[in-house]
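S.K.: Mind having a look at this structure? Questions to follow.
Every read-out reported here was derived from the displayed coordinates using simple, explicitly stated rules and does not represent laboratory data. Remember, predicted model here, so these are calculated numbers, not experimental data. Backbone-built Cβ (ideal geometry, glycine too); neighbour counts: all protein chains shown.
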Amino acid sequence: MLRHVRDVAKPDMFFWTGDNSPHNVWENSEEEVSNSLLAVTKLIKEEFKDAPIKVYPCSGNHDFWPVNA
């Protein structure tokens, strides 16, 4: 999907709206939240590394530990 955004839609900017970890709030762990955020960060960096697209991350309430804080 990000490849389509990069190659077909070709936006000037990309708003990454967060909430990357699963929403099983009472079962989340700090490691799960961190790993989800790192995985999505890596994916976005890889797909847009050579593209003239500015990425603006907006952290969601599930991107922190404890979640929904």
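S.K.: Once amide H atoms are placed 1.01 Å from N in the peptide plane, what residues at a sequence separation of 5 or more from Phe14, or on another chain, have their amide H within under 5 Å of its amide H?
M.R.: Lys54, Val55, Tyr56
S.K.: Can you give me the angle between helix 30-48 and the longest principal axis of the chain, using Cα atoms only, in degrees from 0 to 90, rounded to the nearest 10?
M.R.: For helix 30-48, the angle is close to 0 degrees.
S.K.: I'm checking a number: the convex hull volume of the Cα atoms of the chain, normalised per residue, in Å³. What is it?
M.R.: Numbers: hull volume 5.1 nm³, N = 69.
With only Cα atoms used, the chain gives 74 Å³ per residue.
S.K.: Let me ask something else about it. Taking the Cα centre as origin and putting +1 on Lys and Arg beta-carbons and -1 on Asp and Glu beta-carbons, what dipole magnitude results for the chain, to the nearest 20 debye?
M.R.: Numbers: 7 positive and 11 negative charges, 86 e Å.
My answer is approximately 420 debye.
S.K.: Here's another thing I want to ask about it. Using θ = phi - 60° and the Karplus curve 6.51 cos²θ - 1.76 cosθ + 1.60, what whole-Hz ³J(HN,Hα) does each residue of the stretch 7-14 get, with Gly and Pro shown as x?
M.R.: Using θ = phi - 60°, the values come out as 8, 10, 6, 6, x, 7, 9, 9 Hz.
S.K.: Moving on to the next point. For Phe15 and Ala39 in the same chain, what is the full-extension length gain: residue separation times 0.36 nm, less their Cα-Cα distance, in nm? Write out the running numbers ahead of the final one.
M.R.: On the way: separation 24, 0.36 × 24 = 8.64 nm, distance 1.68 nm.
7.0 nm is the gain from fully extending Phe15 to Ala39.
S.K.: So, one more: What is the chain's relative contact order, in percent, from Cα pairs under 8 angstrom and six or more apart in sequence?
M.R.: On the way: 77 pairs, mean separation 34.6, N = 69.
After rounding, I find 50 percent.
S.K.: Please identify every one of the trypsin sites (Lys or Arg not before Pro) in the stretch 11-62 that sits in a loop by DSSP and has no more than 14 other beta carbons within 10 Å of its own beta carbon.
M.R.: On the way: sites: Lys42, Lys45, Lys49, Lys54; in loops: Lys49.
For trypsin sites (Lys or Arg not before Pro) across the stretch 11-62 that sit outside H, G, I, E and B with at most 14 neighbouring Cβ atoms in 10 Å, the list reads Lys49.
S.K.: What list of ³J(HN,Hα) values in whole Hz, one per residue of the stretch 56-69 in order, does the Karplus curve 6.51 cos²θ - 1.76 cosθ + 1.60 (θ = phi - 60°) give from phi, with Gly and Pro shown as x?
M.R.: Once θ is set to phi - 60°, the couplings for the stretch 56-69 become 10, x, 10, 4, x, 6, 9, 9, 10, 10, x, 5, 6, 8 Hz.
S.K.: Once you've got the GNM for the chain with C-alpha springs shorter than 10 Å, pick whichever of Val40, Val25, Val55 has the biggest mean-square fluctuation.
M.R.: Val25
S.K.: Using just the helices of the chain, give the 222 nm mean residue ellipticity in deg cm²/dmol: DSSP H runs with n ≥ 4 each add -39,500 (n - 2.57), and the total is spread over all residues, rounded to 500.
M.R.: Details: 1 runs with 19 residues, N = 69.
Calculated from helices alone, the mean residue ellipticity at 222 nm is -9500 deg cm²/dmol.
S.K.: Where in the stretch 15-43 is the amide nitrogen less than 18 Å from a point lying 7 Å along the Cα-to-Cβ axis of Met1?
M.R.: Correct set: 15-24, 36-43.
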